[in-house]
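**Q** Below is a structure I'd like to ask you about.
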Amino acid sequence: MKVLKYDVFLFIFIIIGVVYSDPVITKVTPSLLVIDLMNEVTIVGTSFLTSPKVYCNNVLLGSSNTSPNLVVAKLDNVKSLPIPTGGIYNFQVIDATLTASALYPVSSIKLPTFSQVNTVAFLKTSSSTFSQTMADSIKIGYQTPQSQLLFNNASVVSYQVTYEMAKNGWYGFYDKDGQIIFGTTVTYNPVITNYEFEGTNLVVTGFAYANPMLVFINGYTCSIVSLTDTKITCTPASDFFVYSSTNTLNLPLQLLYNNGAKQTTILNGALVTIQSYTASGTLSLVNGDNNPAGLNSKLVGMNAGGISLQQYSDIMASFQIPDDAQCGDSYLTNADGAKVSNTILICPTPKVSSFFGFAKTSPKISFTGKFLSATKYGSMSSAIEIYYSFSNGSRLDCPSPAISVDNSFTYSFSCPNPVQVYDGVTVKVVAQNIANFKSEYSFPYPMFVFIDSITSAKYGTPTQVTIVGKNFNRSLNEVKIGNSVCTSAISSMDGRFITCLFNSDVELPDPSNNLLDVVVTTAEDSETASIFSYTCTAQCQHGSCQYKTNSCGCDAGWSGDSCEKVEPSITAITSTDFGVPNKVTITGTNFLNLNLQVTIGTSVCSNITVTQDLKTITCLFKSDIYSGGALTVTVTIDSTFTTSNAIFHYSNICPGGSNGEMCSGHGDCNTQTFTCKCDNGWSNQICSTIVPKISSISPIRYGTPDLVTIVGENFVNLNLQVKIGGSICSNVVISNDLTTITCLFQSNIPVNNDDETLDVNVNIDNQFMTTNKIFSYLKQCLNNGIVCSSHGICNQQTFTCDCYKGWSTSNCSMIYPTITSSTSIKQNSPGQITIVGTNFVNLNLQVMIGGSICGNVVVSSDLTTITCLFKSDVALIDNNIKNALEVFVSINSTFTTKNNVFIYTKPDQKCPTGSNGKVCSDQGTCNQQYTCDCFKGWESGDCSLQNTGVIVETPVVNENNTTSTIVTPSGIYYDVGVDMINELNSNGDIILSYSLKNTKWIYQSGQQKENFYSTELPNKSNLNVKLTINDKDERVYYNFAGDIIPILPKSIKYQIELYNWTFSSTQNNVEFIFKSGITESNNECEKETTTTTQSTDDSIRSIQITMNGETLVGLFSDRMILDGRPTYNKVNRLTTDQISKYQLDTTPVYTSISTSYFKNSVVVDPNFGVLVSSTPDECSNSKGGIASWKLAVIIVCTVVGASFIATLTWMLLKKNRAKILIMKNKMKSIRMSKK
């Protein structure tokens, strides 16, 4: 039992010992710290427990662990600290029990800089913490370890660059387990592992090659032939292989890469340098020991197979020159054919060995020999020159010798025979190549006799003559002249002269040849020359001196002492028919055929032949020269000797005209009938008349120059001129058949109308003319020569004028301007006014108001509006502001109109003031009319009502009557319209009254936005009502009698015209009664109704009825049109007494518009509308209907606001729905009528 307890306690103790053992670090990765590149390390070990603390060189690091055996520590706290001495970072883990592990050292470096020398890369760190131990434990590579890191010193390590590293531009450090420590990108230079010559090309092997790249060898450019990433083949500049002292040095090879990387290396050894050679085939070498091939080398460049060497050392090489060798740029190659030396010109010594084909008369001499190739091997460059050399030092070149070679490489060539230059000296032929090696070949040359000249003698007188030539001194045998021996012949010592006695008795065997043969015979040669002539002193230009008489014998046809002249004569000539070319025969003498020319009249006679006796000429005469008498025949010899005779007559000929020309020069002679065939257009027997005719002409548009075509006949183009209406038609072109003329007519002759025609005149040569009045312009609505008076376009379908805007009448010659209204300004306050009307053509337009000129006139593009600056300086008519001034418009001082439409703005008129005491409620601006231009979103006369921009439905107009019913979103029905017309006397008593409730209206039309109604009242007067819908979602403006009225969105505007009203008295007036009020409500809530009016000068300008935040707005113009002229009206709200007096329903609000007496008609223009307040009504919204702040369905007509506000408010409390059955039925009927 005790043993058991002991075992248990021992087990527990062991467990506790295991659990609570000290922490141990077994590994830190990475095993090498690049402190400025890495952010954390992973520490592996045992017994770290939970949340251990990690220290590095006694600096606490941020850390986290996921198991008791691994912790990740952040290096942020030590990266900014200096690298410790030796670059060792000691890591320590302290667990939760504060038990610390042993220090674990890790080496470190600063991120090294990169450099490269060919295959070796160098890494340099500023921390100087490299060590041999560190280098031994690290390999370097790309993706896998490849090269061992080599220790150079504490700051520098190196490694061998591999293909993979260079290709990918990267290297990485790997630990002994092959795990990556760190990696980074670098730019590698191209690597050269070897290079050698293949023929004339340099082959470089290595890696990291890519285009674009430049290659240099010993400073010479090497042009790239091909390039891969591991091999470059290039051709050095030709000068590289040429011998120079610099070629004996080592040869640096340099590669320049496109990214700026470059690499330079030195070839092992140097090129063998061939300094010189001898004609016997010995080469003088430098660095010969740099050629391992030695005696196995070949000399390349003189023949096809190369030349094997016989001897080779570091200073010389020798070879046997083969028969096929030529001059060539030669070099040594090794056994593999690679070039191992510089290039040098080597030539074999030429040899001339024999000649053949020699004779005195031979043009050339041929030679044979060896090594006589005309060109360098493998090239077309000249390699040899051949010439004759004479013993006196002179030379004669053999130009372009034709050199050939046979299969045994024996060359043959030919050179000109030097017989003409040989002067008894030794002759050599010399062959010299471009290496200045030459051979000379001497050959025997005979002493040929040559005769150059001989003196003359007088016939019959024995004379000593002298013969000049060569080689007369070689045993002279005999001299003959014309087969007569020349006696006493003596030769000069140099053999160049012979003198002898000639009897001068040999006649010339051929009179045409005055030369005798001279024959000189020596022991070696004989020469004959036909060169002797007798002395004859007579000077004969066209004959010969007669050697026996010493006088001239003239050639045939020539005469005179010196045979210097020709004297031809004409005695007769045969005839021809006119117009029929034929041969003629001229008889005479001395027709010497020396540049002989014959003319008959002025016609040259061709195909001339002359008989041998020079007495007859035959030639071809065209028979084309007309003459009434004989034609002159002229013979001219050599442009110098001439004779003439007027003896030629035609056998038959056509008649001529008064101008002396056959067929008057306008026709051809019929050589069968000998009558005239006239040219086209000409007529009568002698072709002297033209009879032109005009049958038609094409029309063109007036005022536009254009081509016209005239059709007729006989339009001969002889100084032809065309006029149309007296205007010259230019650029005349006539058809070949003379039936058509085209010319450019300026189209500038006016006509009164389209049917008027102009004269067309054709004049030929100011002799023959015709005229026809047939030209008319294209129909283009002409008026006094002007198309549509220049104020329109001619319609080519109807040939009527489409007048420009503002112009009228059939020819667009009139303007009928009209004036309908004018805006107002206050008296003595100059300002801009707007005049509305039609046809305001801006042509010298002038405007006057009351006789005062309105300046700065501007006309709208549609010609309906004039704006101008009125001085406002005209006095009131009868001192009554209601009386309209005359507005006068004048256009071009010709077209005028006037209308009394201008009235001054009332002097005390001001812009309306809202309930907040601000002009236009501070939501608009006061304009020149003293009305408010409301800002966007605000409406009513004083801009006090906000328009929230709600899209509403377009109004519906009842076709049965002129009332309009407006339904608000909350269900309130507003009924508006004209209700009654009264005639009142000066005391306000009703004289005549008509209720319009049950009036039968005639619905005239309902086009788009306008509806028209009319009715006849019992007193036979007529009432017209026009309702205009504004279906837009924004206000529009309307000009009524010069009053600019804004019409609210989705609204209806009224205009009422009453005419033919018969007044009981001129002191009476007419009163229009309008109603506006609530007729029905679907809202269950109590309603609070407020009515507000605005007025000026005791005349209401607007009325507003508000119920539960929904407002009916009535706006009234302060003007009316009375008998066509604007004037001021008066608008009042009916009092309770008046409503009772007129027996009206007490629910609506009533307004009246009063007019004074009128003769014909009166027009008023009231407007009504509804707006909804911006305050939501919870009661209204509780029913689920449209919110009360939205815009009402209909706004009926807008009127200008007032200058001051008079407000009357009353409140009606209603607890139940206000229902008016009649109105409800009316709405139903409206809906039914529109379905």
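**Q** Using the alpha-carbon atoms, what tilt in degrees (0 to 90, nearest 10) does helix 1221-1234 show relative to the longest principal axis of the chain?
**A** Computed tilt is about 30 degrees.
**Q** Here is a further query. Along each principal axis of its Cα atoms, how long is the chain end to end? Whole angstroms, biggest number first, please.
**A** Principal extents (Cα only, largest first): 184, 173, 55 Å.
**Q** Can I ask one more? Kirkwood Rh over alpha-carbon pairs of the stretch 740-793, then Stokes-Einstein at 25 °C and 0.890 mPa s: what D in µm² s⁻¹, rounded to an integer?
**A** Answer from the Stokes-Einstein relation: 192 µm²/s.
**Q** Now for a separate question. Let me check I've understood the local charge: for Asn680, count other residues with C-beta under 10 angstrom from its C-beta, Lys and Arg +1, Asp and Glu -1. What total comes out?
**A** Values: positive: none; negative: Asp679, Glu713, Asp737.
Neighbourhood net charge equals -3.
**Q** Sort the following peptides by mean Cβ neighbour count (other Cβ atoms within 10 Å, averaged over residues), highest first: 51-64, 333-346.
**A** On the way: 51-64: 17.0, 333-346: 19.4.
Going by the mean number of other Cβ atoms within 10 Å, highest first, we get 333-346, 51-64.
**Q** Sticking with this one: Which value at 222 nm does the chain reach when only helices count, each DSSP H run of 4 or more adding -39,500 (n - 2.57), with the total divided by all residues and rounded to the nearest 500 deg cm²/dmol? Walk me through the numbers before you get to the answer.
**A** Details: 7 runs with 57 residues, N = 1235.
Here the helix-only value at 222 nm equals -1000 deg cm²/dmol.
**Q** Further question on the same structure: Kindly give the semi-axes, whole Å and largest first, of the ellipsoid equivalent to the stretch 29-138, taking each as the square root of 5 times a Cα gyration tensor eigenvalue. It would help to have the intermediate numbers written out before the result.
**A** Numbers: eigenvalues 184, 35, 28 Å².
Rounded to whole Å, the semi-axes are 30, 13, 12.
**Q** Right, next: Considering the convex hull of the alpha carbon atoms of the stretch 504-543, report its projected area averaged over all viewing directions, in nm², one decimal. Walk me through the intermediate numbers first.
**A** On the way: hull surface 15.6 nm².
Its Cα hull, projected and averaged over all orientations, spans 3.9 nm².
**Q** To continue, here is another question. Given a cut-off of 18 Å, what percent of all Cα-Cα pairs of the stretch 319-401 lie beyond it?
**A** On the way: 2010 of 3403 pairs.
Across the stretch 319-401, Cα pairs with separations above 18 Å total 59 percent.
**Q** Rolling a 1.4 angstrom probe over the protein chains, ignoring ligands and nucleic acids, what is the accessible area of Ile1002 in square angstrom, nearest 10?
**A** Number for this one is 100 Å².
**Q** May I ask for the distance between the Cα centers of the stretch 994-1043 and the stretch 562-621, given as a whole number of Å?
**A** Cα centroid to Cα centroid, the span is 116 Å.
**Q** Out of the total accessible area of the chain (probe 1.4 Å, heavy atoms of protein only), what percent is carbon and sulfur?
**A** 50 percent
**Q** What are the principal axis extents of the Cα atoms in the stretch 502-604, in Å, biggest first?
**A** 79, 30, 19
**Q** Tell me, what is the Rg over Rh of the stretch 602-716, with Rh the Kirkwood radius over Cα pairs?
**A** Numbers: Rg = 23.0 Å, Rh = 18.3 Å.
Radius of gyration relative to Kirkwood radius: 1.25.
**Q** Roughly how tilted is helix 2-19, in degrees to the nearest 10 and between 0 and 90, from the longest Cα axis of the chain?
**A** Compared with the principal axis, the helix lies near 80 degrees.
**Q** Where the eigenvalues come from the Cα gyration tensor of the stretch 287-359, what are the semi-axes √(5λ) of the equivalent ellipsoid, largest first, in whole Å? Intermediate results must be reported in sequence, preceding the final value.
**A** Details: eigenvalues 186, 26, 21 Å².
Square roots of five times the eigenvalues give 31, 12, 10 Å.
**Q** Let me ask something additional. What whole-number distance in Å separates the alpha-carbon centres of the stretch 70-129 and the stretch 834-871?
**A** Their Cα centres are 97 Å away from one another.
**Q** Please report, in Å, the Rg and the Dmax of the stretch 71-112, where both are computed over Cα atoms only.
**A** 12.2, 41
**Q** Taking every Cα atom in the stretch 686-771, find the radius of gyration and the maximum pairwise distance Dmax, and write them in Å.
**A** Radius of gyration, then largest Cα-Cα span, for the stretch 686-771: 12.9, 47 Å.
**Q** Continuing with this model, one more query. Within a Cβ distance under 12 Å of Ile990, other residues only, what is the Lys/Arg minus Asp/Glu net charge? Walk me through the numbers before you get to the answer.
**A** Details: positive: Lys1141; negative: Glu983, Asp989, Glu1071.
Neighbour charge sum, excluding Ile990 itself: -2.
**Q** For Val711, Val1164, Val859, what's the largest-to-smallest order of accessible area, 1.4 Å probe? If you can, show how the numbers build up before the last one.
**A** Values: Val711 60, Val1164 0, Val859 25 Å².
These residues rank, largest area first, as Val711, Val859, Val1164.
**Q** With a cut-off of 8 Å between alpha carbons and a minimum separation of six or more residues, what is the relative contact order of the chain in percent? Can you show the working numbers first?
**A** Working: 3176 pairs, mean separation 45.9, N = 1235.
This gives 4 percent for the chain.
**Q** Against the globular-protein guess of 2.2 N^0.38 Å, express the Cα radius of gyration of the stretch 414-497 as a ratio, rounded to two decimals.
**A** Details: Rg = 19.0 Å, N = 84, 2.2 N^0.38 = 11.8 Å.
Taking the Cα Rg and dividing by 2.2 N^0.38 Å, one obtains 1.60.
**Q** Counting only the heavy atoms of the protein chains, how much of Trp1061 is accessible to a 1.4 Å probe, in Å² to the nearest 10?
**A** Its heavy atoms expose roughly 10 Å² to the probe.
**Q** Grab every C-alpha pair in the stretch 654-721, bin the distances at 5 angstrom width from 0 up to the longest one, and report whole percents.
**A** P(r) for the stretch 654-721, in whole percents per bin: 4, 16, 19, 16, 13, 9, 8, 6, 5, 3, 1, 0.
**Q** Another question, if that's okay. Using only Cα atoms, what Kirkwood radius does the stretch 466-545 have, in angstroms? The partial results should precede the final answer.
**A** On the way: mean 1/r = 0.0729 Å⁻¹.
Kirkwood hydrodynamic radius for the stretch 466-545: 13.7 Å.
**Q** Where a ≥ b ≥ c are the square roots of the eigenvalues of the C-alpha gyration tensor, would you call the stretch 19-62 rounded, which needs a/c under 1.5, or, failing that, prolate if a/b is larger than b/c, or oblate? Before the final figure, lay out each step's value.
**A** Numbers: a/c = 2.67, a/b = 1.78, b/c = 1.50.
In terms of gyration-tensor shape, prolate.
**Q** Please calculate how many Å² of accessible area the chain carries per residue, with a 1.4 Å probe and no DNA, RNA or ligand atoms counted. Intermediate results must be reported in sequence, preceding the final value.
**A** On the way: 58910 Å² over 1235 residues.
I get 48 Å² per residue for the chain.
**Q** Ratio to report: Rg/Rh of the stretch 792-854, with Cα atoms as the point set and Rh obtained by the Kirkwood method; give two decimals. Before the final figure, lay out the partial values.
**A** Numbers: Rg = 16.5 Å, Rh = 14.1 Å.
Across the stretch 792-854, the Cα-based Rg/Rh ratio is 1.16.
**Q** Same structure again: Quick one: plug the Kirkwood hydrodynamic radius of the stretch 525-662 (C-alpha pairs) into Stokes-Einstein at 25 °C, 0.890 mPa s, and report D in µm²/s.
**A** Details: Rh = 17.4 Å.
In µm²/s, the coefficient is 141.
The values are calculated or read from the model by the stated rules, or taken from the named source; none is laboratory data. Please read these numbers as outputs of a predicted model, since none were measured by experiment. So basically every Cβ, Gly included, is an ideal-geometry build from the backbone, and we count neighbours across all protein chains shown. The area values use the complete protein model at the heavy-atom level, side chains included, leaving out ligands, DNA and RNA. Shrake-Rupley method; radii C 1.70, N 1.55, O 1.52, S 1.80 Å.
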